[in-house]
Each structure stands twice: as structure tokens, then as C-alpha cells.
1. Taking only segment 55-72 into account, find how many residues are in a loop (DSSP other than H, G, I, E, B), farther than 15 Å from Cys43 by Cα and under 15 Å from the mean Cα position of the chain (by Cα).
2. With respect to Cys40, determine if the residue is within 19 Å of Leu108 (Cβ to Cβ) and within 15 Å of ligand 2 (Cβ to nearest atom).
3. From the list Leu108, Leu92, Leu79, pick out the single residue that is open to solvent by 70 Å² or more (accessible area, probe 1.4 Å), under 25 Å from Thr29 (Cβ atoms) and away from ligand 2 (no atom under 16 Å from the Cβ).
4. Here are Gln78, Gln61, Gln83: which of them is at pLDDT 95 or above, away from ligand 1 (no atom under 13 Å from the Cβ), of a type in the set (S, T, N, Q) and closer than 21 Å to Glu11 by Cα?
5. On the basis of being more than 19 Å from Cys43 (Cα to Cα), more than 16 Å from ligand 2 (Cβ to nearest atom) and free of Cβ contacts under 8 Å to residues at least 12 places away in the same chain, does Gln142 make the cut?
6. Are there any pairs, at least 6 apart or on different chains, whose C-beta atoms fall under 7 Å, with the first in segment 1-15 and within 25 Å of Ala74 (Cβ to Cβ) and the second small (Gly, Ala, Ser) and open to solvent by less than 80 Å² (accessible area, probe 1.4 Å), and if so, which?
7. Take Ile67 and decide whether it is within 16 Å of ligand 1 (Cβ to nearest atom) and surrounded by fewer than 22 Cβ atoms within 10 Å (Cβ to Cβ).
8. Can you tell me which residue among Ile102, Ile45 is surrounded by 20 or more Cβ atoms within 10 Å (Cβ to Cβ), away from ligand 2 (no atom under 16 Å from the Cβ) and in contact (Cβ under 8 Å) with a residue 12 or more places away in the chain?
Amino acid sequence: MTINGVAYSHEVEPRLLLVHYIRDVVGLTGTHIGCDTSQCGACTIILNGMAVTCCTLFAVQADGAEILTIEGLAKDGQLHPIQEGFWEKHGLQCGYCTPGMILAAYQLLQRMPNPTESEIRHNLEGNLCRCTGYHNIVKAIQYAAQKMAGK
Ligand code: FES
Ligand code: FES
């Protein structure tokens, strides 16, 4: 499979979960494990263009896939506008859920470049924050949408 533009090939046990492959075999630890049951969204990655939770996928199911993780978002030392939005609007809180939030937002903005506040809230439903709340996260995504639209 390709992760963030780099090809990886390993022999793995059929039962190895994709999140463990990414974190423990490839060594990209920005993808977090929160619940292990596809409920919190902490392990969200982009797999063949779709945001998926990789804690309930097997690594072998991603054979040949193209994956984007949080480590692949910044380019040439420049934060992606969504990352910048989280920085500027204080969307970063505990940091634990943030990579998954950012990647869910990434897919949302691909599909819907100019989402309303309620569309953002609806589309982030699968990503849970346990500590403070979603308000600044929504503002960060609105910031990114404007920046990506060149405003
Ligand atoms: S760790 Fe995958 S959804 Fe929670
Ligand atoms: S900011 Fe990460 S769980 Fe709340």
C-alpha cells in the first residue's frame, strides 16, 4: 500500500488491524486509538479518498490502497489550511482526537467546499471529543474552507 505517497510492503498476520499496521509496523503514530470499536473517530484516515476508521479494518483489507494520514497533510513544511485553522482558532485541545478530526474535515471539504455550521457539525458526528467541545473545531473548519476558497 501507499501511505502519504510512500510505498510500503510487509508480510503481516491476517488478524493485524490497519491501525496497528500504520502505528506499529510503519511507525506513523499520528493516527490514534481511542475506542478500538469504530465509535470515537480518533483513528480516522483517508483510504482511497474516503474517511474511514482504521481500528476495525484489517491491514490486509488495505492491500494496494492509497492512504493519507495526518503526517501526510503538511507539504514542504507548510501546514495544510485545516491544520492552520485548528492552530488559529484554537481547535487543538487535547490533541488526541485532533488528527481524526482534521482528516474527517479534510474529506468534508473535498465533498463540500463551503459547508454551513450545521453541515460541519453533522459531518463530524463520528468524531468524539471528550474534553471541551466542538465550537472551536467548527470555527477552525470554517477558517479552512475560506482559506481553501482563496478568501
Ligand atoms: S479508535 Fe477507531 S474509532 Fe475509536
Ligand atoms: S480535544 Fe481531543 S478529545 Fe477533546
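The values are calculated or read from the model by the stated rules, or taken from the named source; none is laboratory data. No experiment lies behind these values; they were computed from the predicted model shown. Every residue, glycine among them, receives a Cβ derived from its backbone with ideal geometry; neighbour counts consider all protein chains shown. Remember, those area values only see protein heavy atoms, side chains included, never the ligands or the DNA or RNA. Shrake-Rupley method; radii C 1.70, N 1.55, O 1.52, S 1.80 Å.
1. Residues in segment 55-72 being in a loop (DSSP other than H, G, I, E, B), farther than 15 Å from Cys43 by Cα and under 15 Å from the mean Cα position of the chain (by Cα): 0 in total.
2. When the stated conditions are applied, Cys40 passes them.
3. Leu79
4. It is Gln61.
5. Details: more than 19 Å from Cys43 (Cα to Cα): yes; more than 16 Å from ligand 2 (Cβ to nearest atom): yes; free of Cβ contacts under 8 Å to residues at least 12 places away in the same chain: no.
Against the criterion (more than 19 Å from Cys43 (Cα to Cα), more than 16 Å from ligand 2 (Cβ to nearest atom) and free of Cβ contacts under 8 Å to residues at least 12 places away in the same chain), Gln142 does not qualify.
6. Once the first residue is within 25 Å of Ala74 (Cβ to Cβ) and sits in segment 1-15, its partners that are small (Gly, Ala, Ser) and open to solvent by less than 80 Å² (accessible area, probe 1.4 Å) give Met1/Ala62; Met1/Gly64; Met1/Ala65; Asn4/Gly72; Gly5/Gly72.
7. Working: within 16 Å of ligand 1 (Cβ to nearest atom): yes; surrounded by fewer than 22 Cβ atoms within 10 Å (Cβ to Cβ): no.
For Ile67, the condition - within 16 Å of ligand 1 (Cβ to nearest atom) and surrounded by fewer than 22 Cβ atoms within 10 Å (Cβ to Cβ) - is not met.
8. After ruling out the rest, the residue left standing is Ile45.
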